[in-house]
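*Asks:* Following this message is one structure expressed as structure tokens.
The values are calculated or read from the model by the stated rules, or taken from the named source; none is laboratory data. Keep in mind that what you see is a predicted model, and the values were worked out from it rather than measured. As a convention, Cβ positions derive from the backbone with ideal geometry for all residues, glycine included, and neighbour counts pool all protein chains shown.
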Amino acid sequence: MGFYLTNGHLPFSEPCLGREEWEAVERVFRRNWYTTGPETGEFEREFREYLGCRCAVALHSATAALHVALLTLGIGAGDEVMVTPFTFVSTVNTILEVGAFPVFVDIDENDYMPSPEALEETVRREFEERDGVWYSRSRGGKLKAIMVVHYAGQPAKLEEIEALAQKYRLAIVEDAAHAVGASIGKRKIGTGQNLTCFSFYSNKNMTSGEGGMVTCDEIGWEKALRMFSLHGIDKEAYARLKGSGMPFYDVKVLGYKYNMTDLQGALGRAQLKKVELFNKKRRELADLYTHYLGEVEELAVRPLRDGVTSSRHLFVAELLRGDRDELLRELLHRRIQCSVHFRPVHLFTYHKERLPYKEGDFPKAEAIFERILSLPLFPTMEEEDVAYVVESVKTVLARSRG
Ligand SMILES: Cc1ncc(COP(=O)(O)O)c(C=O)c1O
């Protein structure tokens, strides 16, 4: 059993930091430079090398990354962005933050993401073309982009969605908060023509405490990404203060305070060296869950699509019969903490009031939300822990069967 069980609790997720991270933070203390600086710069360089992309900008979260990605594309008031409602709230909030409208598209039950067909159907149903621009029939807004969420670490059908984006002249922003290290064939998520946003929040596949990265191949976007993430200033503080130039700067756009600190950058560098190992362990544990849970008739685990490598950020199972909340409660009694990803965004109080959607509008996302649970999964878990979770699930379900 893992050490956490001896503490009486199996967490849903746990950060895996060690001596290397400790030493990395010490390095920052010795240098006595804490905000954006050499560690962040090296982290960006190493992340670029890891993915094989041309541009990487480190930020304080994936939420910040999504926000500056939309700003860099010039998306704002009067624009519309297609997105799944089956995501973390911040994916959608960044669209609202820039003043654009989120056009929700329901998910496919097989991978919990909108299919390319559903995306195209939505364009055709809700928009009409005038002079090469797709305008909303009901709101008049211009369709500008698709926000693609790689749910649970499985890549979305990116190539098909890219073909669609080209056909309708749309940009793509990828929410890869779950997907560091995921790939489609040999293509790593975060490479290619889109702006891709990663998260290094504490429960993610690699962490810098809080943190995020936006990547792209379009070098022309880098300056805007950096400006929007530091008050709209045209130079970074480190370059300004440590450089030889005069201490003046200009503000070119309305920007935000989204830059990554060197403490985060140092942690990120240490974690990046381990992320492939972490993901390998996640895959092994997920395969074990899949194997054991195959015998449980009340549960379904959707298989990954052929040709993709998931980063296995989450292990999601669907309860086909019975009360999911009761199962969550019973597992908690057995000191197993699970989670649910996600409550569809249109069901939140704020979004219900602000957006013209109502319960029942996205039946697949709503039905799946009622059935799913994310089981504990993190690299320092052991095989016995998976066995303990599976045995507990089986016991609870057998009891409710009567
Ligand atoms: C799908 C998705 N997008 C975005 C985010 C936001 O990430 P961050 O906490 O780094 O802003 C999360 C965080 O859990 C997420 O799950």
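*Asks:* Out of all the residues in the stretch 93-118, which are assigned to a helix (DSSP H, G or I) and buried (at least 24 other Cβ atoms within 10 Å of the Cβ)?
*Replies:* The answer is 94, 95.
*Asks:* Among the residues that make up the stretch 28-43, is at least one of them within 16 Å of the ligand (Cβ to nearest atom), within 23 Å of residue 204 (Cβ to Cβ) and of a type in the set (D, E, K, R)?
*Replies:* no
*Asks:* Next question. Need the failing condition index for residue 77 against (1) within 12 Å of the ligand (Cβ to nearest atom); (2) out of contact with any Pro (no Cβ under 6 Å at 6 or more places or on another chain), just the number.
*Replies:* The number of the failed condition is (1).
*Asks:* In addition: Could you please find all residues in the stretch 343-398 being within 24 Å of the chain's Cα centre (by Cα), assigned to a helix (DSSP H, G or I), surrounded by fewer than 15 Cβ atoms within 10 Å (Cβ to Cβ) and touching a residue at least 12 places away in the same chain (Cβ under 8 Å)?
*Replies:* 354, 363, 370
*Asks:* Among the listed residues 24, 69, 58, 62, which satisfies the condition of being within 16 Å of the ligand (Cβ to nearest atom), small (Gly, Ala, Ser), over 30 Å from residue 364 (Cα atoms) and not assigned by TED's automatic domain parsing to the domain that holds residue 332?
*Replies:* Only one candidate qualifies: 58.
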